[in-house]
Protein chains: 2
Amino acid sequence: MREISLDRLRTLVAVTDRGSFADAAHALHLAPPTVSLHIAELEDRIGAPLLSRKRGHVGPTTIGEVLVERARRLLADAEQALDDIQRQVEGLEGRARLGASTGVIAHLLPQALEVLRAHHPAIDIQIAVLTSQETLSRLVDGTLDVGLVALPQPPVAGLVIKPWRRDPVMAFVPAHWRCPARITPEWLAAQPLILNDATTRLSRLTAEWFATAGHHPAPRIQLNYNDAIRSLVAAGYGAALLPHEATTPLPDSRIVMRPLRPVLWRRLGIAHRAGYVERSTQHVLDVLWDLRLA
Amino acid sequence: MREISLDRLRTLVAVTDRGSFADAAHALHLAPPTVSLHIAELEDRIGAPLLSRKRGHVGPTTIGEVLVERARRLLADAEQALDDIQRQVEGLEGRARLGASTGVIAHLLPQALEVLRAHHPAIDIQIAVLTSQETLSRLVDGTLDVGLVALPQPPVAGLVIKPWRRDPVMAFVPAHWRCPARITPEWLAAQPLILNDATTRLSRLTAEWFATAGHHPAPRIQLNYNDAIRSLVAAGYGAALLPHEATTPLPDSRIVMRPLRPVLWRRLGIAHRAGYVERSTQHVLDVLWDLRLA
DNA sequence: CCTGAACAGTCAGTTTTTCTGAATCTGGAA
DNA sequence: TTCCAGATTCAGAAAAACTGACTGTTCAGG
């Protein structure tokens, strides 16, 4: 059995509202026989007359009245549903699920979220703290819409990964140490080090920086929470290599920050599924993209 | 713009529930291309993909999820509406508006209502106290479904009026009066009388009864509420002519009831619109019809 | 790497539904 | 009565919905 046709119900409602088949036909841009047919089909399906045809005025029967009322609700609900969906499609409302590592979330996202809240207050942003690998695989799954991942990454089928930001990696050194203006691998390799967890891309990056100069220092401490690393530096446990997000000022006078020689960049990419991108997701991508030069 | 098709929505729901176009097609008794088409049409209308097609499993996109949820509600509501209407059509639920005069309502309807409440508890009976003329015109209007009217009535276009009951009109006399076993116009015309209001059919009926015997008595009191007339008889104000509904015992020992000679019948008809009769109305008609012999 | 199975999608043709103009019918009004 | 507005019937046209056959893609298993 087919579902009942909302078009027929709309016709029924129009006829009862206007009290005439002819008027309803005109209002619905239909020929009069079509209106007759619609009503007849409904009456057939229901098994009872819905309209009492009287000279000069057509009115609903008792059952017709009940159906008309239900029909009004159904039609209104259907319209409401489509409207709501349309708003989602236009990205005025909606959801974007974003994955990024702690560092990015702490230092780069707050501005992005502020802009989004201002321009698209009805977009619900869900943030997951993930590694780059997790981020990519959840993008493929469809359980994530936008990812911020370390670069370089091998291409992933079905995903678009674009370079987003390039932040210089800086040396963070306890303020009471004596250190050169530009930090070289040679100098740093001789100091006690606090480095990122080996699973992170940043640790691989710094390892390569040392290796290029022929050094392979063992860190005194390894962990993967950049803010914690900073605290340890402040406490004098050792020096660290961390990306410098220009936007966040140094929070602590017990730390000095020095550029590296050779310069080392931490590169981030922005990833999303290839093909159709939802408007709400696109808005998030746009806002993040604008931030790439900040 | 046509309304959105509930059939398409049902297909969408089926596909997301089963996670496969092919399964959904089978469950809906459709060919696979039809399912593809339904989804494609929906996506066209919405302007965004609703399902993410992946090998082995098809799942809704973010927007798809929202639409599926709305669609479930719409489909359930539509089904509910049709079910409810069906119950009304079958007369299991519904309404019947009934018009009758006070006498009928007081003495004959209570039994009818009891039977209806037992057999069709969900039928809502609305009773209006009306004259026969009002009853008939409201039947024609469609603001009344069943009428109990005095007979005879001229035929009314669009209405069916069938003889229903025939109750003997009796003389009600104060118990302390001396009176013959059978009351004649001659005897009664000489007594103080309490008669029905001139607008009622009963008063015309009794006037004719007197007139046939050559009498035209003036009543001492006229009113149109039979119970009040009875009270006045009990109080000794005079004699009255009232229909005797066999089912109600004489409530008062201060009254005696005597048959008339010649016998006078008060005839009642049952009226409803010609053509289609709603099931709930039909049930009421049936119950009343069964009472005609009581 | 190839092959086959599973399944979504495309296409052309057919069936079904939907719509319409013309004609017909109907119930009051003049 | 005749006329008129408006509902309805009907037959044909237009649109849609559906399907079978085919294509393309992906993935599992050799």
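Values quoted throughout were computed directly from the atomic coordinates according to the rules given, and no laboratory measurement underlies them. Keep in mind it's a predicted model, so treat the numbers as computed, not measured. Positions of Cβ are backbone-derived with ideal geometry, glycine not excepted, and every protein chain shown enters the neighbour counts.
Remark on B:Met170: its backbone amide H falls under 5 Å from those of B:Leu242, B:His244, a criterion applied only to residues 5 or more positions apart or on other chains, H modelled at 1.01 Å from N. With a 10 Å cut-off between alpha carbons and a GNM built on chain A, which of A:Leu116, A:Leu51, A:Leu241 moves the most? Comparing A:Leu116, A:Leu51, A:Leu241 in the GNM, the peak value goes to A:Leu51. Given R0 = 45 Å, the distance between the Cβ atoms of B:Glu79 and B:Gln133 translates into a calculated FRET efficiency of 0.50.
Over all other residues within a Cβ to Cβ distance under 15 Å of A:His176, the charged ones net out to +2, with Lys and Arg as +1 and Asp and Glu as -1. The simple Förster model, with R0 at 51 Å and r as the Cβ-Cβ distance, assigns A:Gln86 and B:Asp252 a FRET efficiency of 0.10. You can think of it this way: the chain between A:Arg117 and A:Ser231 has 38.0 nm of extra reach, that is 0.36 nm per residue less the Cα-Cα gap.
Considering only B:His29, B:His244, B:His119, the mean-square fluctuation computed in a Gaussian network model of chain B, springs between alpha carbons under 10 angstrom, is largest for B:His29. In this label model, B:Arg166 and B:Ala274 are separated by 2.5 nm, measuring between points 7 Å along each Cα→Cβ vector. For segment B:136-294, the fraction of C-alpha pairs farther apart than 25 angstrom is 38 percent.
Measuring spread by the Cα atoms of segment B:109-221 yields a radius of gyration and Dmax of 18.5, 53 Å.
Scanning chain A for chymotrypsin sites (Phe, Trp or Tyr not before Pro) lying in DSSP loops with no more than 16 further Cβ atoms inside 10 Å, the longest uninterrupted stretch between such sites is A:1-176. A DSSP coil position with no more than 12 other Cβ atoms inside 10 Å describes the following trypsin sites (Lys or Arg not before Pro) in segment A:176-278: A:Arg178. For B:Lys162, a cut-off of 25 angstrom between C-alpha atoms picks up these lysines, skipping any fewer than 8 places away in its own chain: A:Lys54. Note that segment B:176-187 has calculated 3J(HN,Hα) couplings of 7, 6, 9, 8, x, 5, 10, 8, 9, x, 4, 4 Hz, one per residue in order, obtained from phi through the Karplus relation 6.51 cos²θ - 1.76 cosθ + 1.60 (θ = phi - 60°); glycine and proline are x. Considering only the other residues whose Cβ falls under 12 Å of the Cβ of A:Gly236, what net charge follows from Lys and Arg at +1 and Asp and Glu at -1? Its environment carries a net charge of +1.
For the protein assembly as shown, the C-alpha radius of gyration sits at 1.77 times the compact-globule guess of 2.2 N^0.38 Å, with N the residue count. Highest GNM mean-square fluctuation among B:Leu67, B:Leu148, B:Leu202, for chain B modelled with Cα contacts below 10 Å: B:Leu67. How about segment B:1-93: which trypsin sites (Lys or Arg not before Pro) there lie in a loop by DSSP and see at most 13 other Cβ atoms within 10 Å? Passing both the DSSP loop test and the Cβ count: B:Arg2, B:Arg55. Computed from backbone phi with θ = phi - 60° and the Karplus coefficients 6.51, -1.76 and 1.60, the 3J(HN,Hα) list for segment B:210-223 is 5, 4, 4, 8, x, 10, 9, x, 8, x, 6, 9, 10, 7 Hz; x is used for glycine and proline. In chain A, a dipole from Cβ-located charges (positive for Lys and Arg, negative for Asp and Glu) runs towards its positive end, and of A:His107, A:Gln126, A:Leu12 it is A:His107 whose Cα lies farthest in that direction. For the pair A:His176 and A:Val140, the difference between a 0.36 nm per residue extended length and the Cα-Cα distance amounts to 8.2 nm. Projecting 7 Å from Cα along the Cα-to-Cβ direction, the label point of A:Pro110 sits 8.2 nm from its equivalents in the other copies, listed shortest first. For chain A, the equivalent ellipsoid derived from the alpha-carbon gyration tensor has semi-axes of 68, 17, 14 Å in decreasing order. A simple rule links phi to the HN-Hα coupling: the Karplus curve 6.51 cos²θ - 1.76 cosθ + 1.60 with θ = phi - 60°, which for segment A:191-208 gives 9, x, 10, 10, 10, 5, 2, 5, 6, 8, 5, 4, 5, 5, 4, 6, 4, 5 Hz, with x for Gly and Pro. Among residues other than A:Asp167 with Cβ under 9 Å from its Cβ, the summed charge is +3 (Lys and Arg +1, Asp and Glu -1).
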